[in-house]
Every structure is written in C-alpha cells, then in structure tokens.
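First up is the structure itself, then whatever we jot down about it.
The values are calculated or read from the model by the stated rules, or taken from the named source; none is laboratory data. Quantities reported herein were computed from a predicted structural model and do not represent experimental measurements. Here the Cβ is made from the backbone with ideal geometry for all residues, glycine too, and neighbour counts use every protein chain on show. With ligands, DNA and RNA removed, areas are computed over all heavy atoms of the protein, side chains included. Shrake-Rupley method; radii C 1.70, N 1.55, O 1.52, S 1.80 Å.
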Amino acid sequence: MNMLELIEKKRDGGVLTENEIQFFVDGVTDKSIPDYQISAFLMAVLWRGMTDEETTQLTLAMSRSGEICDLSAIPGIKVDKHSTGGVGDKVTPILLPIVSSFGIPCVKLSGRGLGFTGGTIDKFESIEGFRTSIDPSEFPGKIQKCGMLLGGQTEGLATCDKYLYALRDVTGTVPSIPLIASSIMSKKIAGGADAIVLDITCGSGAFMKDQASARELARQMIAIGKLAGKPVSCVLTSMEQPLGDRVGNILEMQEVFDALSGKALADVEEVVLAMASEMLRHTDVGKDKSSDELIDMCREKLNNGEALAKFQELILSQGGQLDSSGSPIFVDEPFEVMKDYATDDGYVTRCDALSVGEASCLLGAGRMEKTDVIDMGAGIRLYKKVGDPVKRGDPLYSLYTGSKNVVGEERIDEALYKMESAFAIGKEPASKIVDVIDVIS
Ligand code: URA
C-alpha cells in the first residue's frame, strides 16, 4: 500500500477500505507520510466526501491513535456532551451541575478557545484557583467526592486529530463534514463516554453556516455512533446571534452564576434544558420519560437551587474560590470601557454572532494564536437582541477589558467598529430567533 494510490483512489471518488484508512492514520501519527501528501488527501476528501462506513473507520482509527481514557472504574452510564462551538456559549457550566444533581456521573473534558469561539476551560480558569489539569488517575476519586469533574483534554488524546487539524487549518480543508465529524467523534470516543450528546450550532457564529449542513453533520455523527456502538443525539441550535447576554470569560461565568440563581435568559435556559434532558435520556433516570417531562425535571433543578449547589461544589472540589455569598471569586474584574446607544427607534433585526465574537476577541477575550494570553475580564455585554424593540438612546451594548486594558485604544476602536456592523435596527417588528431548531437522535 502506498499513499499516492490512496490519494488517487479518493480523488477519483473511490471508497477506501478499513486497512487503507488505518494505513493513513498510522502514517499521520508516526509522521511517515509527508505533509504534502496528507494535504492532498484531505483536499480529495473535502471534494469527494466519505461514506458513513469510511467516516466511522477514520473516527475509530483516530480515536485509537493516542491515549484512551478508561472511565470503567466509575459506576453508571457516563454521558459526555460537546458543542461545535459558538459565541457566548456557556451551556456546559450550567448543564453539568443540573445533570450531576440527578446523581449521574459527569466527566467533561473540554478544550480552550481559539479564534472567535470561547473555550470552557478558559471560562473556568477565570475563577481564582480553579484547577483544570486533572490526571485521569484522579477521575474516580473526584467523581466519588463531587459527582462530576471538568478537565482539560489531555494532549495525548486522539494524537492523529491534533496533527490533521493543524494541517486542515492551513490548507483550506476545515469545512469538510466527514473530517469535522471524525475529528469531534474520535476525541469523544477516546474520552471514554458511553453516550454522547452534541450541540450542533448553526449560523454566522458557527462552523455550520446553514441548517442543511448542520443536519448533515448531525446525521453523520449519529451514523458514526451507531456503527461504533455509542448512542449519540444531536441538538441543533441557532448561532445567528450570541447565546445569552454576555461574551467573554469572567462575564460569561457571571452570567452562569445568575442563570443558576434562577435568572437565566430565555435562550440560555432553552438550550441548556434541551441538552440536559437529552443527556438524561441516555441514563436510567430518563430512559422512560417524555422530552417534556425531562425538561421540567431539569428546570426544577435550575430553579430550586440544587444545580447552583452542585456548581459551587464543583468549584471547591477543583480548588476554586467562593466568596461569603457563594459567588465565584474571579482572577480579575471586567472594566467597562464604553457603551453604545441606539440612534433610532425600531426593532433589532440583526445581532451577528460572528462579529460580536470577533469584537470580543479584539478586546482580548479570545486568542488569535494558540499561544496568546487571554484577558479574562474582557468581553461584551448585550442589552438588546434580535426582535427586541428599541428607542433612540437605549443602550445596545458595552465593551469591557480587564483591569489592565492590555489591548490599547486602537483595538478598542476596531472592536467598536465591528460591533456597529454587528447590529441592524429596522422599522418593522422582527421575529425572535428560534434557539433550539431540532433534536435528532
Ligand atoms: N471541532 C473539532 O474538534 N474538530 C473540527 O474539525 C471542528 C470543530
């Protein structure tokens, strides 16, 4: 077998065998295939696609290319969740305590943010003392103590994906559905989950810009799950505008605390409850219940303080600090550098997620390069969202930096310019965005 034959076979629309795919993954992982051949192969996959069987074989081979996280010492069904990324996505820190408060063990391995999408690990690290590097040997003990844990994805998980993803990033081959599906699912399978719930975001601030591609990604991930023996369900959610009203690490964790204290915004609550109820469905707690019953059960945990208590327990269990009122102590404080106002009466017709994410990044809340240091206090607070009526002079949004304002005036001006282009206000009433588009399992 040689790599040139594989490239030509895929280029001509052929279907690769399990052995051929294993040969490719082995060659990427042990670096015996040169980058130019890997890149040509990735481009052939982007154009020709893959059958579900090929995508599954690629996923399984990638999941075996590094460490495998063995969670079998933790009793019960372990359900993992993953989001394909978004702006203002603070679902995990609200959802985990809800699910955990039903006694379901939750092990969540999360990533850092890159570009305009934020990462859950960065958000938790905005809490003073919170430790996210947890060795897998500590998992059973932590789960026994607190019922859940939140850790950084170890470097060794799905090694092949790390290398492929870096090459895809610089060869224009990121937007291939089989490559995205196998990349995500290989890490989830290597992470040791028994069942997986995916939040597939769709819209300007997401990888999937339209519903048709989001549905196709969901279909492929469910097919991989079926062939790999891991139940998968997908919640399709809108990412046309940011989720909730805050974007940025500390700002979002403050919103999380508010949501867990019974003050969740409607869009955040809807997405969190849809995801949490799908997670429960894979366990003994939820398997015989209807969606409506499960959503009500999860809402109850959000409103009766049990989820908040679990969140506080998680923070303490991983070394984080709480003040005397039970609120997290953060490493810095968001500092408002400017506020912008509506210049006309009307209705918000657009609050573009991508532009808000990019503006937040310009303020220092995200990384342009993997090695950039994040300003935890930076970000944006929105006062209006699509469909809201506005009067001239109403505040639309505020820009924040951390107390040290590391980015400087020029970047703040650029961020303001981005935010001005993110918003559109029209004369006619505009419909609210549908936040949960569909649930597919
Ligand atoms: N997230 C991943 O982990 N991989 C992709 O290819 C896209 C999003």
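Table for the structure above
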| quantity | calculated |
| --- | --- |
| Residue that is farthest from the ligand (Cβ to nearest atom) [pool: residues in region 181-201 that are closer than 13 Å to residue 84 by Cβ and open to solvent by 10 Å² or more (accessible area, probe 1.4 Å)] | 187 |
| Of all residues in region 65-83 being within 15 Å of the ligand (Cβ to nearest atom) and within 26 Å of residue 297 (Cβ to Cβ), the one that is farthest from the chain's Cα centre (by Cα) | 80 |
| Top-ranked residue in region 301-316 [being among the polar types (S, T, N, Q) and over 23 Å from the mean Cα position of the chain (by Cα); ranked as least open to solvent (accessible area, probe 1.4 Å)] | 304 |
| Conditions (1) more than 16 Å from the ligand (Cβ to nearest atom); (2) of a type in the set (Gly, Ala, Ser); (3) open to solvent by less than 10 Å² (accessible area, probe 1.4 Å): number failed by residue 86 | (1) |
| Residue count for region 253-265, restricted to those that are touching a residue at least 24 places away in the same chain (Cβ under 8 Å) and within 26 Å of residue 296 (Cβ to Cβ) | 8 |
| Residues being open to solvent by less than 10 Å² (accessible area, probe 1.4 Å) and either closer than 14 Å to residue 283 by Cα or among the hydrophobic types (A, V, I, L, M, F, W, C) (or both) - total across region 89-103 | 7 |
| Breaking point among (1) open to solvent by 20 Å² or more (accessible area, probe 1.4 Å); (2) in contact with an Asp or Glu (Cβ under 6 Å, 6 or more places away or on another chain), for residue 238 | (1) |
| Given (1) farther than 22 Å from residue 127 by Cα; (2) open to solvent by 40 Å² or more (accessible area, probe 1.4 Å); (3) assigned to a strand (DSSP E or B), number of the condition residue 340 does not satisfy | (2) |
| Residue in region 145-158 that is within 16 Å of the ligand (Cβ to nearest atom) and among the hydrophobic types (A, V, I, L, M, F, W, C) present | yes |
| Top-ranked residue in region 171-180 [being in a helix (DSSP H, G or I) and open to solvent by 20 Å² or more (accessible area, probe 1.4 Å); ranked as farthest from the ligand (Cβ to nearest atom)] | 171 |
| Candidates 145, 108 - the one that is open to solvent by 20 Å² or more (accessible area, probe 1.4 Å) and under 22 Å from residue 301 (Cα atoms) | 145 |
| Residue match in region 97-115 (condition: within 15 Å of the ligand (Cβ to nearest atom) and either aromatic (Phe, Trp, Tyr) or outside the structural domain of residue 298 (by TED's automatic domain parsing) (or both)) | no |
| Unmet criterion (only one of (1) assigned by TED's automatic domain parsing to the domain that holds residue 203; (2) in a loop (DSSP other than H, G, I, E, B)) for residue 33 | (1) |
| Residue list for region 36-67, restricted to those being in contact with a Leu (Cβ under 6 Å, 6 or more places away or on another chain) and open to solvent by 50 Å² or more (accessible area, probe 1.4 Å) | 67 |
| Exclusive hit being touching a residue at least 40 places away in the same chain (Cβ under 8 Å) and part of a strand (DSSP E or B), set 412, 425 | 425 |
| Members of region 148-170 that are at pLDDT below 90, closer than 22 Å to residue 22 by Cα and open to solvent by less than 40 Å² (accessible area, probe 1.4 Å) | 156, 157 |
| Residue in region 114-122 that is under 24 Å from residue 327 (Cβ atoms), at pLDDT below 85 and open to solvent by 20 Å² or more (accessible area, probe 1.4 Å) present | yes |
